[in-house]
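Below: the structure, in structure tokens.
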Amino acid sequence: MSVRYAIIGAGAVSDYHHVPGIRLDPRSSVVAVCDPNEELLAKRRDQWGVAKTTTNYEEIAADPDVDAVIIATPNDTHRPIALACIAGGKHVMCEKPLGLNFSESKEMYRAARDRNVKHMTAFTYRFAPSMRYLRHLVKSGQLGELRHFRSQRFLDWPETSWGWRQYKKTAGGGDLFDMTIHRIDFAMDLMGPLSNLCGAVATFCPRDRTADGRSCPPSEVDDWSALIGRFESGAVGVWEGSTVMKGYHNDGFGHEWAEVNGTLGSAVYRLQDPNNILLGQSGHSLQATPVPEEFLKWPGSPRNPHEGVASTVFRYDLVFELTSAILEDRPAVPGFDDGARAQAVADAVLASSDSRTWIDLDLNVD
Ligand SMILES: NC(=O)c1ccc[n+]([C@@H]2O[C@H](COP(=O)([O-])OP(=O)(O)OC[C@H]3O[C@@H](n4cnc5c(N)ncnc54)[C@H](O)[C@@H]3O)[C@@H](O)[C@H]2O)c1
């Protein structure tokens, strides 16, 4: 059996990750595309070679020739589109942040669980080779008892308008919901659930001009987000992210550093060099070590891990995981439950920043 996908939202990320990922795998195909932008729709029909196009996601939700959907639209549309597709019995991958807040994300998780469809949140960086190897080192006890997690994600992006991304109504949050939420997710995957946190956000850029100089309403969302958190295990974590860090361009990939420090050793994942990990032991300095071959791609992925730009190509494995979960009839990882829990933490960062207090977390999604 082959899994027939519809792409809902034919913008940047669908073109960059999802369609190449579907095409790489002989078990999957793109059969339909949905986007309200008719010009883009026509372009994607030719570019992706897809016969069926529509501007209305309800048609996809009701289409018997679609098995699964990928929702890659502005954040405020994730919930209604996901609920419609789930009601239509489609398996769903949805981009992060899953909803505009924890309550929406939890509703999406429960709907998918109760309709018994496969659900997956597009937390891309779980699929990076050095992140996969770091996870193996953590879970096999090679770093010892975990004490500390640190994440830095710095991007050097233009200070012009972000379009829908800069308004609370359409995006929910800025850097926090766009970037830091990935790091919240993978930290909890490595270290276990967070129990409480103190967070802060800041907005530096008015973003009241488009790249071509037209004026637009100013940004309402954060350009910088940070948190300090305590995990239930007793370990601690520190996260910081920003999209306006000058000098951190690195061909658009920016700077990423995520480390875990345990009683036996430390390990560091960096997006800009995802096929190497930094490893350290007490009394020695961190050393770059190649990621072992078996961690260079998701198990079974048809991708040649030595082809393409290393910081890009691991992203193609996301859809491979959803297709595998559908065909093997098992949960996809990471699920909507993971997406909802990360969003509970992101919501608490905003609440903590507003109230200038520590927040206790309730991550229960059931
Ligand atoms: N996982 C990742 O690494 C990653 C990377 C980039 C973006 N994203 C997420 O992906 C989503 C899309 O981001 P993007 O950069 O592709 O944005 P984009 O603006 O390039 O594309 C979004 C597309 O959705 C379309 N759209 C709007 N409303 C729609 C509707 N009701 N039905 C169908 N299509 C609709 C728009 O016309 C546009 O073409 C966002 O949630 C973003 O946070 C995730």
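No lab work stands behind these numbers, since they all come straight from the coordinates. Note that the structure is predicted; figures quoted are calculated from it, not measured. Note that each Cβ is placed from the backbone with ideal geometry, even for glycine, and that neighbours are counted across all protein chains shown.
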Whole-number percent relative contact order across the stretch 3-124, with pairs defined as alpha carbons under 8 Å at least 6 apart: 23
Listed residues 127, 204, 102, most fluctuating in the chain (Gaussian network, C-alpha, under 10 Å): 204
Ranking of 55, 323, 121, 203 by count of other Cβ atoms within 10 Å, fewest first: 55, 203, 323, 121
Highest-fluctuation residue, 195, 242, 355 considered, GNM on the chain with Cα pairs under 10 Å: 355
Under the Karplus curve 6.51 cos²θ - 1.76 cosθ + 1.60, θ = phi - 60°, whole-Hz ³J(HN,Hα) for the stretch 176-189, x wherever Gly or Pro sits: 4, 7, 8, 10, 5, 4, 4, 6, 5, 4, 6, 5, 6, 5
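Just to be sure I understand: of the beta bridges DSSP finds with both ends in the stretch 181-295, what percent are antiparallel, rounded to 5?
100
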Length released on extending from residue 263 to residue 294, taking residue separation times 0.36 nm less the Cα-Cα span: 8.6 nm
Length added when fully stretched, residue 228-residue 309, from 0.36 nm per residue minus Cα-Cα: 25.9 nm
Karplus-derived HN-Hα couplings along the stretch 302-317 (A = 6.51, B = -1.76, C = 1.60, θ = phi - 60°), whole Hz, x at Gly and Pro: x, 5, 7, x, 9, 9, x, 7, 4, 6, 9, 6, 5, 5, 5, 7
Rounded to whole Hz, the Karplus (6.51, -1.76, 1.60) HN-Hα couplings of the stretch 76-81, x for glycine and proline: 6, 9, 4, 4, x, 5
Label-point separation in nm, residue 29 to residue 328, each point 7 Å along Cα→Cβ: 2.5
Cα shape, the stretch 147-208, gyration tensor, a/c 1.5 rule: prolate
Cross-link pairs 96/168; 52/90; 96/118; 52/168; 246/297 - those with Cα-Cα distance over 23 Å: 52/168; 246/297
Residue 204-residue 284 pseudo-label distance in nm [points 7 Å out on the Cα-to-Cβ vector]: 3.7
Approximate spin-label separation residue 136-residue 244, in nm, with each point projected 7 Å along Cα-to-Cβ: 4.1
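Can you give the calculated 222 nm mean residue ellipticity of the chain, where each DSSP H run of n ≥ 4 adds -39,500 (n - 2.57) and the sum is split over every residue, rounded to the nearest 500 deg cm²/dmol? Intermediate values should be presented prior to the final figure.
Values: 11 runs with 108 residues, N = 366.
After summing the helix terms and dividing by residue count, I get -8500 deg cm²/dmol.
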Sparse-neighbourhood loop sites, GluC sites (Glu not before Pro) in the stretch 241-316 - DSSP loop, at most 15 other Cβ within 10 angstrom: 307
For the stretch 302-339 versus the stretch 281-300, the gap between their alpha-carbon centres in whole angstrom: 20
Likely footprinting exposure, 315, 214, fewest C-beta neighbours within 10 Å first: 214, 315
Ranked list, fewest to most other Cβ atoms within 10 Å of each Cβ, for 18, 306: 306, 18
